[in-house]
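This report concerns only the one structure given below.
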Amino acid sequence: MLSGAEREQAYRAISLARALDERMWRLARAGRAHFAVPCSGHEAIGVGYAMAMRPGVDWLAPHYRDLAALIVLGMAPRDVMLCFFSRPSDPNAHGRQPYAHFGSRALHVLSQQGPQPNHCSHGVGCAWGSKLLGDGSVTVIAFGDGGAQKGEAHESMNVAAIHKLPCVFAVHRNGWTQSVKRSDQYATETLVARAEGYGMPGVAVDGSDVEAMHAAASAAFERARAGEGPTLIDAACVRFMPNTSNDDDSRYRDRADLDEQRAARDPLTRARVLVGAEFAVQVDDENAALAAEAAEWAEAQPLGDPATVADHMYA
């Protein structure tokens, strides 16, 4: 169980991620930015494992819906919005990557990739380096339903299990790969059974329950730090929004069913019960103001110099 202070920390992160997410979605729809990747519905997953990490020691190879995890690790609202508006002062990629391609040496966040899930092998490489160095760090490797079906994820889990690497695989399982439903991706109800095939433990978690997610992640970290190798966490959640701002999910999702799922499995609503309504309302108001200020400030920052467009490129 999380302590009272930890519950408040978790709520602040989930609430801030939601406020930033909703602000970015409105800005994208208004044509003021070109690309949004919603995280609403996924927040408790990232908060759960980020709060189990040791800042400056452990590493994260993030899912592109991992905004809440980045907030726990120390990314500020202004930094998020610099990334969203692709400004050259963006600390993730200096405005040279689309939004949600996170990366931070200071925060121990491995750079996110466009093709999914290439970062799985990078995360395993990081974990292998940790083992060789003996520095005691653990790497969280997060990906979604679609990534779980690709060779990169299978190969990465296999190598990590063989060499007992200090890492934790976390699947944000929302039942969709863009517009492809679960039954067209895999024949099982969950992905936990795959863990046994690689020779690692697997655990299914309600990804809308931040305490359950934190408990599962903490146990997986203990195994990894003890030299017992990786764990696969299957975190079930609901993706509240379209896949990205380029997607129209009304073409393939039943709105009434989605509304029913959201009412029952909203991480923000469930976390609000842990901290009480008075605290939650105060934090929500503070975070709405933070998101609005960060967006206004970041949008006003200078654009990149076109003369530098070919910098950092090779042929």
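Every condition in (1) among the aromatic types (F, W, Y); (2) buried (at least 21 other Cβ atoms within 10 Å of the Cβ); (3) not in a strand (DSSP E or B) holds for F143 except the one numbered (3). Going by the structure shown, is G123 at pLDDT 95 or above, surrounded by fewer than 24 Cβ atoms within 10 Å (Cβ to Cβ) and in contact with a helix residue (DSSP H, G or I) (Cβ under 9 Å, 6 or more places away or on another chain)? For G123, the condition - at pLDDT 95 or above, surrounded by fewer than 24 Cβ atoms within 10 Å (Cβ to Cβ) and in contact with a helix residue (DSSP H, G or I) (Cβ under 9 Å, 6 or more places away or on another chain) - is not met. Scanning segment 102-117 for residues that are modelled with pLDDT under 95 and surrounded by 19 or more Cβ atoms within 10 Å (Cβ to Cβ) gives Q112, Q116, P117. Please work out if M157 is under 19 Å from the mean Cα position of the chain (by Cα), over 29 Å from H34 (Cβ atoms) and in contact (Cβ under 8 Å) with a residue 60 or more places away in the chain. Against the criterion (under 19 Å from the mean Cα position of the chain (by Cα), over 29 Å from H34 (Cβ atoms) and in contact (Cβ under 8 Å) with a residue 60 or more places away in the chain), M157 qualifies. For V203, the stated conditions do not hold, so it cannot be described as under 18 Å from G151 (Cα atoms) and modelled with pLDDT of 95 or more.
Considered as a group, the residues in segment 1-18 that are among the hydroxyl-bearing types (S, T, Y) and in contact with a helix residue (DSSP H, G or I) (Cβ under 7 Å, 6 or more places away or on another chain) include one that is farthest from A291 (Cα to Cα), and that residue is Y11. Per the listing T188, T231, the residue uniquely free of Cβ contacts under 8 Å to residues at least 12 places away in the same chain and either of a type outside the set (A, V, I, L, M) or over 23 Å from R262 (Cβ atoms) (or both) is T188.
Could you please let me know if A44 is part of a loop (DSSP other than H, G, I, E, B) and out of contact with any His (no Cβ under 7 Å at 6 or more places or on another chain)?
On the way: part of a loop (DSSP other than H, G, I, E, B): no; out of contact with any His (no Cβ under 7 Å at 6 or more places or on another chain): yes.
Spelling it out, it is not the case that A44 is part of a loop (DSSP other than H, G, I, E, B) and out of contact with any His (no Cβ under 7 Å at 6 or more places or on another chain).
Of the helices (runs of 4 or more DSSP H) contained entirely in segment 196-315, those carrying at least 2 residues that are surrounded by fewer than 18 Cβ atoms within 10 Å (Cβ to Cβ) and among the acidic types (D, E) fall at 255-264, 277-299.
Being on the phi < 0 side of the Ramachandran plot, surrounded by fewer than 20 Cβ atoms within 10 Å (Cβ to Cβ) and over 16 Å from the mean Cα position of the chain (by Cα), is that true of even one residue in segment 57-68? Yes, segment 57-68 contains at least one residue that is on the phi < 0 side of the Ramachandran plot, surrounded by fewer than 20 Cβ atoms within 10 Å (Cβ to Cβ) and over 16 Å from the mean Cα position of the chain (by Cα).
When S40 is tested against (1) surrounded by fewer than 24 Cβ atoms within 10 Å (Cβ to Cβ); (2) under 20 Å from E293 (Cβ atoms), exactly one condition is not met: (2). Consider K181 carefully, then state whether it is touching a residue at least 40 places away in the same chain (Cβ under 8 Å), within 14 Å of N243 (Cα to Cα) and of a type in the set (K, R). Taking the combined requirement at face value, the residue satisfies it.
The values are calculated or read from the model by the stated rules, or taken from the named source; none is laboratory data. Model, not experiment: these values are computed from the prediction. So basically every Cβ, Gly included, is an ideal-geometry build from the backbone, and we count neighbours across all protein chains shown.
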